[in-house]
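These notes concern the structure reproduced below.
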Amino acid sequence: MNETFLDLEEVELELDEALLEAVDEKAFADHRDNRDAAIRDLLDEWLKRRDEE
């Protein structure tokens, strides 16, 4: 069993309606309606942009 996730921090996000709609659109278009995958994808994009700054 892969236990690498056990040392990760937990975060809680509050999304407004517009952002939630954007996540749902990305989930439908790119991830076969999988909202969790869309959120991970968007978070990954944000982290990469932040690292470039």
Determine the dipole magnitude for the chain: charges of +1 sit on the beta-carbon of Lys and Arg, -1 on that of Asp and Glu, nothing else is charged, the reference point is the Cα centre, and the result goes in debye to the nearest 20.
260
Got a sec? Charge dipole of the chain, +1 on Cβ for Lys and Arg, -1 for Asp and Glu; which of ALA29, LEU19, LEU43 is way out at the positive end?
ALA29
If I take the Cα coordinates of the chain and project them onto the principal axes, what are the three extents in Å, biggest first?
33, 32, 20
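Bear in mind these aren't lab numbers, they're just calculated from the coordinates by the rules spelled out. Just so you know, these numbers come straight off a predicted model, no measurement behind them. Don't worry about glycine lacking a Cβ; one is built from the backbone with ideal geometry, like all the others, and counts go over all protein chains shown.
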